[in-house]
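Accompanying notes for the structure given below.
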């Protein structure tokens, strides 16, 4: 096992309708002990997996969903194939109630086949479920339009969501089973040995390190990541806040697991994706001469990563253009400039 000795800070006393706003702006992860223990679905899951499945079926509207079926012998670790040109599982479209029956049946089979309903939008498949199974997110009023939260449900057998990152704030609620969360701050990215940008499970690159049996000869810097990692084991009813861009490795430790998570972004709706910037930088900057890349690094520090007001403070307000505070009109102007340049 990965050698992680530091534990994530635990917050007691939060309820689904009263999560302090400061939790949603925390720079570090936090365990919210017992946050959803009184959800109806959590109580059903504590009773038995069969009770939880019947509860979910009572809300299911029949829409098809994508179901992951692991190849033989993966032991729940959803990963790349041996050649790194594909994945070690197949994704099929089927009814969720049929998939739930397969998940329940798999727990009684000696070979323990792996099934995973991952990142399924609750409102499109289980309308009404959130009426008694929901939280009020700790979001401050920013004074500008933001996207509503993306609420997902994850159901499966024993599983490993290999270490990855998301560019969104995240509250993950354990509904059934137990889960181990291992988190690393963004500063540890280079020590986690991420795999190809394509293909990927779930759209994000994942660590090549097998946390069950780390190969320190192949991945020596992983020891640095371990020294900076944080860990928590959550039971049904517990939740965890994971700040945007923190790497996280999530293990479903029980034969039957359910997790509900809330993704949100407090940036204005008219901003773009950081991943798009990274992809464009791979195209336009990575292979430039070293001295030119260093110059661009200084420009990015000045225009992007430094004080947002500094780059235009010497200009009259009417002349600041896109260097001034971003709004929807300026965002459209920037998109138009980028599209025109890419289409040349």
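Derivation of every value follows stated rules applied to the coordinates shown; laboratory data play no part. No experiment lies behind these values; they were computed from the predicted model shown. Cβ atoms come from the backbone with ideal geometry, glycine included; neighbour counts cover every protein chain shown.
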Practice prompt. For the chain, find the longest principal axis of its Cα atoms and tell me its angle to the long axis of helix 96-106, 0 to 90°, nearest 10.
Written response: 60
Fill in: Of (i) 20.8; (ii) 22.2; (iii) 21.4, the label for Kirkwood radius over Cα pairs in Å derived from the coordinates
(ii)
Worksheet entry | Label-point gap, in nm, between residue 200 and residue 64 - each point 7 angstrom along Cα→Cβ | 2.7
Discussion item. I'd like the orientation of helix 274-284 relative to the chain: the angle between its Cα long axis and the longest Cα principal axis, in ° from 0 to 90, rounded to 10.
Written reply: 50
Discussion item. What distance in nm lies between label points placed 7 Å from Cα along the C-beta direction at residue 124 and residue 141?
Written reply: 3.2
Worksheet item: Of 87, 326, 35, which is the most mobile in a GNM of the chain whose springs link Cα atoms less than 10 angstrom apart?
Response: 326
Fill in: Mean Cβ count within 10 Å, highest first, over the residues of peptides 53-59, 280-286, 194-200
53-59, 194-200, 280-286
Item to complete: Return one number: the angle in degrees, 0 to 90 and rounded to the nearest 10, between the long axis of the Cα atoms of helix 328-342 and the longest principal axis of the Cα atoms of the chain.
Response: 80
Discussion item. For the chain, what does the helix formula give at 222 nm: sum of -39500 (n - 2.57) over DSSP H segments with n ≥ 4, over the residue count, nearest 500 deg cm²/dmol?
Written reply: -6500 deg cm²/dmol
Practice prompt. Arrange the following residues from fewest to most other Cβ atoms within 10 Å of their Cβ: 254, 48, 72.
Written response: 72, 48, 254
Worksheet item: From the square roots a ≥ b ≥ c of the eigenvalues of the alpha-carbon gyration tensor of region 274-342, which class results: rounded (a/c under 1.5), prolate (a/b over b/c), or oblate?
Response: oblate
Worksheet, complete the sentence: Connecting every pair of Cα atoms under 10 Å apart in the chain and solving the GNM, the largest mean-square fluctuation among 322, 151, 92 falls on 322
Worksheet item: At residue 331 and residue 301, where each label point lies 7 Å from the Cα along Cα→Cβ, what is the point-to-point distance in nanometres?
Response: 2.9
Practice prompt. Under a 10 Å cutoff between Cα atoms, tell me which one of 245, 294, 94 has the largest fluctuation in the Gaussian network model of the chain.
Written response: 294
Practice prompt. Could you compute the FRET efficiency for residue 235 and residue 21, with r as their C-beta to C-beta distance and R0 at 41 Å, rounded to 0.05?
Written response: 0.95
Worksheet item: Ranking 171, 337, 224 by Cβ neighbours within 10 Å, fewest first, what do you get?
Response: 337, 224, 171
